[in-house]
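Beneath this line is the structure, given in structure tokens, with notes to follow.
The values are calculated or read from the model by the stated rules, or taken from the named source; none is laboratory data. This structure is a prediction, so every number in the text was calculated from the model and none was measured. Every residue, glycine as well, gets a Cβ built from its backbone with ideal geometry; the counts of neighbours run over all protein chains shown. Quick note on the areas: whole protein, heavy atoms, side chains included, nothing else; ligands and nucleic acids left out. Shrake-Rupley method; radii C 1.70, N 1.55, O 1.52, S 1.80 Å.
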Amino acid sequence: NKYGVPSRIISVEDALEIVPYLNPEVFIAAAFCHKDGKASPFKTVNAYYEAGRRLRVEYYTYTEVKGIVVENGRIHKVITSKGDIETNKVVNAAGAGARKIGEMVGIDMPVENYRHHIMVTEPFQEFVKPMVIRGKLYFTQTERGGIIGGIDMPEKPDQPLRARLDFLEVFAANLVKIMPILKNVNILRQWAGYYVMTKDNHPILGETEKLEGFYIAAGFSGHGFMMGPIVGKLIAELIVYGKPSVPIDALKLERFERGELIYERAVIG
Ligand SMILES: Cc1cc2nc3c(=O)[nH]c(=O)nc-3n(C[C@H](O)[C@H](O)[C@H](O)COP(=O)(O)OP(=O)(O)OC[C@H]3O[C@@H](n4cnc5c(N)ncnc54)[C@H](O)[C@@H]3O)c2cc1C
């Protein structure tokens, strides 16, 4: 609340008005913020893509970065699967590929890729508007009406992106505890993606002191969709004006060497 987020603690009765069918026996209060929202990642990314095109941004899809040439301590060009791009500025926003991009310029990116599982059910009329979070379980409803959600499963880093059947058992058992009405719904599909984790669960942002022109926006630790718009704006401001409108120095790569970590405990799923 100190930073202007109007979240508040609400009673079980109020929670049931916001999300009907919650099991009142498994919680004694809830936290709720009426300004929170949700968005389709596909539509959001596509909207940014289209907006960029209107501003004449050029996109190179299906183009892999294979190497980055550094000469005399400055970035010279990027080698891609479809040719070279001369530039002295690069943003490492490669998600689960960020470590590899770092290696191309001799920078050790302190990130690890952890597989996370998620599933979606058959669709229903909308009745779960917010995202419901209980411990390491979360769920909400998609625009199409499916219940979508996940739960933390123990994983080692860099596991292949294959689905685990036991995730469904653990998730379903915990889901019906909080919303018993979902007991008989059909699951349509499950899949997995990476949480790109840093040691303090905060992203790495900004230009590194190790190489001029090498900017980083990676390691979003499972929360990068909601941070994407502001991070894009701030990194663009940093490149164009030399200074972002919100200070991001505390999130620089160098914080790990200096031992200036800022631990985020609210990692969901
Ligand atoms: C199951 C699951 C649920 C999640 N739920 C949420 C949520 O509810 N809210 C939230 O905020 N976040 C959520 N996240 C996290 C969110 O998806 C990520 O934090 C976010 O997508 C990271 O964005 P990014 O742009 O850093 O990486 P990405 O979206 O992974 O984009 C990186 C891009 O770089 C490309 N790339 C990589 N290497 C190369 C290369 N060598 N050459 C060219 N291109 C390359 C990749 O192909 C990719 O397109 C979830 C993640 C998972 C797995």
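Just a few scattered comments:
- Pairs with Cβ under 6 Å, 6+ apart, first in region 132-159 and without any contact (Cβ under 8 Å) to a residue 40 or more places away in the chain, second open to solvent by 40 Å² or more (accessible area, probe 1.4 Å) and within 12 Å of the ligand (Cβ to nearest atom): 148/142
- Considering (1) over 30 Å from residue 5 (Cα atoms); (2) in contact with a Phe, Trp or Tyr (Cβ under 9 Å, 6 or more places away or on another chain), the lone condition that residue 52 does not fulfil carries the number (1).
- For residue 171, the criteria (1) of a type outside the set (D, E, K, R); (2) open to solvent by less than 20 Å² (accessible area, probe 1.4 Å); (3) within 18 Å of residue 19 (Cα to Cα) hold in every case but one, which is (3).
- Exclusive hit being more than 10 Å from the ligand (Cβ to nearest atom) and either of a type in the set (Phe, Trp, Tyr) or within 22 Å of residue 209 (Cβ to Cβ) (or both), set 105, 120: 105
- Residue that is farthest from the ligand (Cβ to nearest atom) [pool: residues in region 108-117 that are within 18 Å of the chain's Cα centre (by Cα) and charged (D, E, K, R)]: 112
- Number of positions in region 211-223 that are within 7 Å of the ligand (Cβ to nearest atom) and out of contact with any Phe, Trp or Tyr (no Cβ under 9 Å at 6 or more places or on another chain): 2
- For region 76-102, the set of residues classified as near the ligand (Cβ under 10 Å from one of its atoms) and at positive phi consists of 95 only.
- Just one residue in the set 240, 176 is surrounded by 13 or more Cβ atoms within 10 Å (Cβ to Cβ) and not charged (D, E, K, R); that residue is 176.
- Unmet criterion (only one of (1) open to solvent by less than 20 Å² (accessible area, probe 1.4 Å); (2) touching a residue at least 40 places away in the same chain (Cβ under 8 Å); (3) within 11 Å of the ligand (Cβ to nearest atom)) for residue 231: (2)
- Scope region 201-210; condition within 15 Å of the ligand (Cβ to nearest atom), at negative phi and part of a loop (DSSP other than H, G, I, E, B); matching residues: 202, 203
- Boolean, residue 30 is more than 30 Å from residue 183 (Cβ to Cβ), small (Gly, Ala, Ser), modelled with pLDDT of 95 or more and under 27 Å from the mean Cα position of the chain (by Cα): no
- Search result, residues across region 39-56 that are open to solvent by 100 Å² or more (accessible area, probe 1.4 Å) and not in a helix (DSSP H, G or I): 55, 56
- Check on residue 113, open to solvent by 60 Å² or more (accessible area, probe 1.4 Å) and among the polar types (S, T, N, Q): no
- Filter result for the condition that a residue is free of Cβ contacts under 8 Å to residues at least 60 places away in the same chain, open to solvent by less than 70 Å² (accessible area, probe 1.4 Å) and more than 22 Å from residue 232 (Cα to Cα), over 67, 73, 97: 67
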